[in-house]
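Here's the structure we're looking at; comments come further down.
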Amino acid sequence: MRVRINPSILAADFANFERELGRIATADLVHVDIMDNHFVPNLTFGPTMTERLQELSAIPLDVHLMIDDPDRWAPGYAELGAYSVTFHAEAAKDAVSLARRLRDIGARAGIALKPGTPVEPFLDLLPEFDQVLVMTVEPGFGGQSFMAETMPKLGLLREAVTKSGLDVWLQVDGGITADTIVIAAEAGADTFVAGSSVFRGEPADNIASLRAAAEAHVH
């Protein structure tokens, strides 16, 4: 199983995005957290900044929308050329229709679940999505501690994806370090968002260390 390491640009130096993107050139995708100060209590980027990141980045964008009304706004991020657009199940009015719209535009469609959101209602809908993001912290802020209690949810997803034979990536986001990436990989994740554990120090070395730790435990 292929391991993907997606550094969160939220942990980068905002005054030097072009340099920071170059420092993570060995990663798989750039994770871009879009927050609207409504769905989550924080405000980050919007379409204009995302478009500029798309122009600057040598690797694809993995956009994570922590916003209200993604049914209205998510297609615009796909139209900007984002490789993957993930929206929250808790915010979408019609998750399946939105995922189909994103795919029609040409993006991979992802659905994200907060730590307290059960996964069972989505298991039969897996063919509609290209990625399921299991939040391992409460969405809204970087630097939180990894919530191991979300791992059974990930295990259910891995079992369902394996049985179906679908090409659905299972992503985790929040508190991912060299230690917690092992826990998430063993539970079934294959795609890992990491912020400070990538950008603190030498990103290329950190990406390589995280990748090696995950590859030793994915199944």
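In table form, for the structure just shown:
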{"quantity": "Region 93-167: relative contact order as a whole-number percent, Cα under 8 Å and 6+ apart", "calculated": "28"}
{"quantity": "Potential lengthening between N16 and R52 on full extension [0.36 nm per residue; Cα-Cα distance subtracted]", "calculated": "11.7 nm"}
{"quantity": "Rounded accessible area of M49 (nearest 10 Å², 1.4 Å probe)", "calculated": "70"}
{"quantity": "Separation of the V182 and T162 label points, Cα + 7 Å toward Cβ, nm", "calculated": "2.0"}
{"quantity": "Cβ charges +1 (Lys, Arg) and -1 (Asp, Glu), total dipole of the chain, debye", "calculated": "220"}
{"quantity": "With eigenvalues of the C-alpha gyration tensor scaled by 5 and rooted, region 66-140, Å", "calculated": "19, 14, 11"}
{"quantity": "P(r), alpha carbons of the chain - 10 Å bins starting at zero, rounded %", "calculated": "9, 38, 40, 14, 0"}
{"quantity": "Length-normalised contact order of the chain in % [C-alpha pairs under 8 Å, at least 6 apart]", "calculated": "21"}
{"quantity": "Among T26, G174, F45 - extreme Cα towards positive end, dipole of the chain, charges at beta-carbon", "calculated": "T26"}
{"quantity": "Label point distance in nm, A25-A212, each placed 7 Å from Cα along Cα→Cβ", "calculated": "2.2"}
{"quantity": "Cα-centred dipole magnitude for region 32-80, charges only on beta-carbon of K, R (+1) and D, E (-1), debye, nearest 20", "calculated": "100"}
{"quantity": "Total formal charge among the other residues, if their Cβ is under 15 angstrom from that of A15, Lys/Arg +1 and Asp/Glu -1", "calculated": "0"}
{"quantity": "Mean ellipticity per residue at 222 nm, deg cm²/dmol - from DSSP H runs of n ≥ 4 across the chain, formula -39500 (n - 2.57)", "calculated": "-10500 deg cm²/dmol"}
{"quantity": "Rounded percent of accessible protein surface that carbon and sulfur make up, region 170-219, 1.4 Å probe", "calculated": "51"}
{"quantity": "Per-residue SASA entry for S97, accessible area with 1.4 Å probe, Å² rounded to 10", "calculated": "60"}
{"quantity": "Most mobile listed residue (P70, P41, P139) in the chain, GNM with C-alpha springs under 10 Å", "calculated": "P41"}
{"quantity": "Cβ charges +1 (Lys, Arg) and -1 (Asp, Glu), total dipole of region 94-219, debye", "calculated": "200"}
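The values are calculated or read from the model by the stated rules, or taken from the named source; none is laboratory data. Model, not experiment: these values are computed from the prediction. So basically every Cβ, Gly included, is an ideal-geometry build from the backbone, and we count neighbours across all protein chains shown. Note: accessible area is taken over every heavy atom of the protein model, side chains too, but ligands, DNA and RNA are not part of it. Shrake-Rupley method; radii C 1.70, N 1.55, O 1.52, S 1.80 Å.
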